[in-house]
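Visitor: So that we are looking at the same thing, I have put the structure below in structure tokens.
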Amino acid sequence: MSERTSNRIFDIVNVSFITLFVVFCLAPFLHTIAISFSSNRAITSGEVTLFPKEFNWDAYVKVFSDHSMLYSLGYTTLLTIATTVLCMVFTIAAAYPLTKKKMKGRKLFMYVIIITMFFSGGIIPEYLLIRDLHLLNSVWALILPGLVSPFNLIILISFFNGIPESLEESAEIDGSSHIHTLFKIILPLSMPVMATLSLFYAVGRWNGFQDSLMYINDPQLYPLQLKLFQMVQNNMVSELTQMEGANRAPLTPESLKAATVIFATVPILLVYPWLQKYFVSGAMLGAVKG
């Protein structure tokens with residue numbers, strides 16, 4: 001068998017495996033979309049698979065007409081943006097000094113950060129801490145505990161360490177301060193990792209519901225995922241299933257749940273294409289000239 005034939009067989013097997021993997025990943029999402037756009041009869045009879053049956057969008061009409069869902073969407077969006085910005089600010093503020101080899105106690109700080117990745121106090125001590133700080137039923141209870149991710153911090157430190165020291169040395173000779181060097185040299189060269197970590201923080205906050213489940217009692221502060229969690233777990237769809245008009249058939253809970261899942265998923269999916277342009281390699285190419 002020639003090398004060309006072997007490479008072709010490998011490409012076919014590789015593409016087939018990746019395609020099969022993509023299908024397995026997309027199938028549940030497509031099934032949820034199909035249910036959200038299918039009729040009550042098709043859903044209850046089990047005819048819906050990957051494509052809608054007897055297409056209708058009554059479930060989305062009810063979801064978008066529910067003011068509490070729209071309010072939760074706006075609130076969660078603002079919460080995600082605020083959390084991402086604050087997390088990136090504190091992560092950068094922690095990562096940049098830890099790249100300086102002259103910093104006293106640098107290794108000790110790194111050991112402490114790494115230890116937190118393997119050991120934690122547990123859920124009950126975290127709850128007691130939030131309670132004693134008087135953060136219960138506050139939006140800060142959803143932001144402050146996860147302000148800096150050790151994993152993301154280590155990624156950013158590694159990236160900063162990869163930036164040639166000659167850049168900072170040249171800036172220091174020109175009289176640049178550390179703050180000026182960070183904002184004018186380091187951060188512009190770090191856009192790929194900045195975009196990646198921002199996406200990590202944004203997705204983590206958007207999908208988070210366990211902290212709000214433990215710390216939040218005010219329905220006005222419920223994130224979108226907590227409302228979705230309550231709907232799925234407690235079957236809280238009775239009010240939404242009451243359609244106007246005597247001749248209108250009520251919606252099934254399954255269609256409303258599916259429509260709400262898509263309603264809560266699509267916004268965060270739209271973030272990736274906007275950040276994709278920053279996911280490039282070779283950002284340092286040509287940054288240092290001999």
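The values are calculated or read from the model by the stated rules, or taken from the named source; none is laboratory data. All values derive from a computational prediction rather than experimental measurement. Cβ atoms come from the backbone with ideal geometry, glycine included; neighbour counts cover every protein chain shown. Calculation scope for accessible area: heavy atoms of the full protein, side chains included, ligands and nucleic acids excluded. Shrake-Rupley method; radii C 1.70, N 1.55, O 1.52, S 1.80 Å.
Visitor: Could you say whether any residue in region 60-74 is open to solvent by less than 40 Å² (accessible area, probe 1.4 Å), of a type outside the set (A, V, I, L, M) and farther than 30 Å from TYR222 by Cα?
Guide: no
Visitor: So which residues in region 37-51 are part of a loop (DSSP other than H, G, I, E, B) and either in contact with a helix residue (DSSP H, G or I) (Cβ under 6 Å, 6 or more places away or on another chain) or among the polar types (S, T, N, Q) (or both)? Give the steps one after another, and end with the answer.
Guide: Here is the first cut: in region 37-51, the residues part of a loop (DSSP other than H, G, I, E, B) are 37-39, 45-51.
Result: SER38, SER39, SER45, VAL48, THR49, LEU50, PHE51.
Visitor: What's the number of the condition LEU78 fails, among (1) surrounded by 13 or more Cβ atoms within 10 Å (Cβ to Cβ); (2) hydrophobic (A, V, I, L, M, F, W, C); (3) free of Cβ contacts under 8 Å to residues at least 60 places away in the same chain; (4) under 30 Å from VAL148 (Cα atoms)?
Guide: So LEU78 meets the others, but not (1).
Visitor: Read through the list (1) among the aromatic types (Phe, Trp, Tyr); (2) outside any loop (DSSP other than H, G, I, E, B); (3) loosely packed, with under 14 Cβ neighbours inside 10 Å, then give the number of the only condition that PHE118 fails.
Guide: Result: PHE118 fails condition (2) only.
Visitor: While we're looking at this one, here's another question. Give me the pairs: first residue in region 215-236 and open to solvent by 90 Å² or more (accessible area, probe 1.4 Å), second residue assigned to a helix (DSSP H, G or I) and at pLDDT below 85, beta-carbon distance under 8 Å, and six or more apart or on different chains, which are they?
Guide: Close Cβ pairs (under 8 Å, with a partner that is assigned to a helix (DSSP H, G or I) and at pLDDT below 85) amount to MET236/GLN230.
Visitor: What are the residues in region 58-75 that are of a type in the set (Gly, Ala, Ser) and either farther than 17 Å from VAL261 by Cα or without any contact (Cβ under 8 Å) to a residue 12 or more places away in the chain (or both), if any? Give the steps one after another, and end with the answer.
Guide: We begin by selecting, within region 58-75, every residue of a type in the set (Gly, Ala, Ser); these are 59, 65, 68, 72, 74.
Residues satisfying the conditions are SER65, GLY74.
Visitor: Of a type in the set (Phe, Trp, Tyr) and within 25 Å of PRO267 (Cβ to Cβ): which single residue out of PHE29, PHE21, PHE10, PHE17 fits that description?
Guide: Values: PHE21 fails: within 25 Å of PRO267 (Cβ to Cβ); PHE10 fails: within 25 Å of PRO267 (Cβ to Cβ); PHE17 fails: within 25 Å of PRO267 (Cβ to Cβ).
Only one candidate qualifies: PHE29.
Visitor: Identify the single condition in (1) polar (S, T, N, Q); (2) open to solvent by 30 Å² or more (accessible area, probe 1.4 Å); (3) at pLDDT 60 or above that ASN247 does not satisfy, given that it satisfies every other one.
Guide: So the condition that ASN247 fails would be (3).
Visitor: Kindly provide the set of residues from region 81-107 that are assigned to a helix (DSSP H, G or I) and open to solvent by 30 Å² or more (accessible area, probe 1.4 Å), ordered by number. Full working, then the answer.
Guide: Within region 81-107, the subset assigned to a helix (DSSP H, G or I) is 81-98, 106-107.
Across region 81-107, the qualifying residues are ILE81, ALA82, VAL85, LEU86, VAL89, PHE90, ALA93, ALA94, PRO97, ARG106, LYS107.
Visitor: Give the number of residues within region 5-40 that are surrounded by 12 or more Cβ atoms within 10 Å (Cβ to Cβ) and closer than 16 Å to LYS257 by Cα.
Guide: 12
Visitor: Residues of region 122-132 being at pLDDT below 90 and open to solvent by less than 70 Å² (accessible area, probe 1.4 Å), which ones?
Guide: If the condition is that a residue be at pLDDT below 90 and open to solvent by less than 70 Å² (accessible area, probe 1.4 Å), then GLY122, PRO125 are the ones that fit.
Visitor: Looking at region 41-56 only, could you name the residues that are farther than 15 Å from LYS257 by Cβ and in contact (Cβ under 8 Å) with a residue 12 or more places away in the chain? Talk me through it step by step, then tell me what you get.
Guide: We begin by selecting, within region 41-56, every residue farther than 15 Å from LYS257 by Cβ; these are 41-42, 45-47, 49-56.
ARG41, ALA42, THR49, LEU50, PHE51, PRO52, LYS53, GLU54, PHE55, ASN56 - these are the residues of region 41-56 that are farther than 15 Å from LYS257 by Cβ and in contact (Cβ under 8 Å) with a residue 12 or more places away in the chain.
Visitor: Follow-up question, since we're still on this one. Looking at GLY146, GLY175, which is the one that is under 17 Å from ALA94 (Cα atoms) and either surrounded by fewer than 15 Cβ atoms within 10 Å (Cβ to Cβ) or within 18 Å of the chain's Cα centre (by Cα) (or both)?
Guide: Numbers: GLY175 fails: under 17 Å from ALA94 (Cα atoms).
Exactly one residue qualifies, and that residue is GLY146.
Visitor: Every residue in region 70-88 that is under 18 Å from ALA141 (Cα atoms) and of a type in the set (A, V, I, L, M), please. Spell out the reasoning first.
Guide: Initially, region 70-88 is screened for residues under 18 Å from ALA141 (Cα atoms), giving 72, 75-88.
Within region 70-88, LEU78, LEU79, ILE81, ALA82, VAL85, LEU86, MET88 meet the criteria.
Visitor: Any idea which of LEU167, LEU153, LEU182, LEU135 is assigned to a loop (DSSP other than H, G, I, E, B), open to solvent by less than 40 Å² (accessible area, probe 1.4 Å) and in contact (Cβ under 8 Å) with a residue 40 or more places away in the chain? Steps first, answer last, please.
Guide: Details: LEU167 fails: assigned to a loop (DSSP other than H, G, I, E, B); LEU153 fails: assigned to a loop (DSSP other than H, G, I, E, B); LEU182 fails: assigned to a loop (DSSP other than H, G, I, E, B).
Just a single option satisfies the conditions, and that option is LEU135.
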